[in-house]
Amino acid sequence: MTEPDPDSYAREIAAESLAADDPTGWFERLYADAAGGTAVVPWDRGQPNRFLVPWTEKRWLRGDGRTAVVVGCGFGADAEHLASLGFETTAFDIAPTAVRDAAARHPRSSVRYQTADLLDLPPGWRFDLVLESMTVQSMPLSLRDKAIAGVRSLVAPGGTLLVIAAGREDGEPLDGPPWPLTRAELDAFAVGLSPVRIEEIREPDVLRWRAEFIRPA
Ligand SMILES: C[S@@+](CC[C@H](N)C(=O)[O-])C[C@H]1O[C@@H](n2cnc3c(N)ncnc32)[C@H](O)[C@@H]1O
C-alpha cells in the first residue's frame, strides 16, 4: 500500500476541520497521528529554517540573555537555534502533542516549550525577538487580522520581529492551507512597528517574504 502524501493528508484533515468550524483543530490531529506513526508532519525539517539561519549569521546575532519567542514552534528546531545563540527562548504551539514532542526531541534544552494559542495569548507576553515562521499563513483569511495582531503584540519596546512566509500576488486564487500573504498583509505587521527590511525572495514558482520590523523603544 502506498503512503499518503503528507501534504495531501494535511489538506484533507484541514478541510474537515474547516468544515466543522474549527480552523485550527487539525494541527493537534496531525501531530497526534504523526506521534502514532500514521502521518508525517509536512513541515518537519529536523533543522532550523533556511531563511532564519543566514539572517542570524549575517548579523552575528547573539541573545546575551535577551528573550525570544517562536510562534507556532512545531518540533522546535527554530527555537533551539535561537536558544543556541543565547536567547532566553519561549516556544509555543496550539497543538499539545507538538509541544510535548518538541520537548522530547530536545531533552537538555533551555527552551520553555508551552501550549498556547496565538489568537488568545497569555496576558503580558512581550519578547525582545519574535519569530513568526509560516504560522499566520497556516490559518484561513478570516483569522488573518487577529493572527497578525497577536504576533505584533508579542514584540517588546525596542524588540525585533522576523516574519518568514510564503507570498502571493494580489488576486491570486487561494486554496489553502497554506494561505500565503500578500504584500498588504505583510505590511499589516508594521502597525505600531517600523519596517527594517522587507525581502521578496523569488524561487521557481514560489514567492517568499522575509521581513524584519522593530518596535520603537
Ligand atoms: C505550517 S506550521 C509551521 C511550523 C514552524 N513555525 C515552521 O516554520 O516550520 C504552523 C504551526 O503553527 C501552529 N499553529 C497553528 N495555529 C496556531 C495558533 N493559533 N496558535 C499557535 N500555534 C498555531 C501549528 O500547530 C503548526 O505547528
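Just so it is clear, none of the values below were taken in a lab; they were calculated from the coordinates. What you see is a predicted model, and the numbers here were worked out from it, not measured in a lab. Here the Cβ positions follow ideal geometry from the backbone for every residue, glycine too, while neighbour counts run over all protein chains shown.
Within this structure, Ser194 passes the test of being away from the ligand (no atom under 16 Å from the Cβ), over 26 Å from Thr97 (Cβ atoms) and of a type in the set (Gly, Ala, Ser). Please determine whether any residue of the range 16-26 is in a helix (DSSP H, G or I) and touching an Asp or Glu at 6+ places or on another chain (Cβ under 8 Å). The answer is yes, given that some residue of the range 16-26 is in a helix (DSSP H, G or I) and touching an Asp or Glu at 6+ places or on another chain (Cβ under 8 Å). If you go through the range 126-156 and keep only what is under 18 Å from Thr89 (Cα atoms) and surrounded by fewer than 17 Cβ atoms within 10 Å (Cβ to Cβ), you end up with Arg126, Ser153.
Restricting the range 78-101 to residues that are within 11 Å of the ligand (Cβ to nearest atom) and within 19 Å of Ala39 (Cβ to Cβ), which is nearest to the chain's Cα centre (by Cα)? For the range 78-101, the residue satisfying everything is Asp93. Within the option set Val41, Val53, being under 23 Å from Arg208 (Cα atoms) and within 10 Å of the ligand (Cβ to nearest atom) holds for one residue only, Val41.
Taken together, the residues in the range 115-150 that are near the ligand (Cβ under 10 Å from one of its atoms), under 23 Å from Gln47 (Cα atoms) and not in a loop (DSSP other than H, G, I, E, B) amount to 7.
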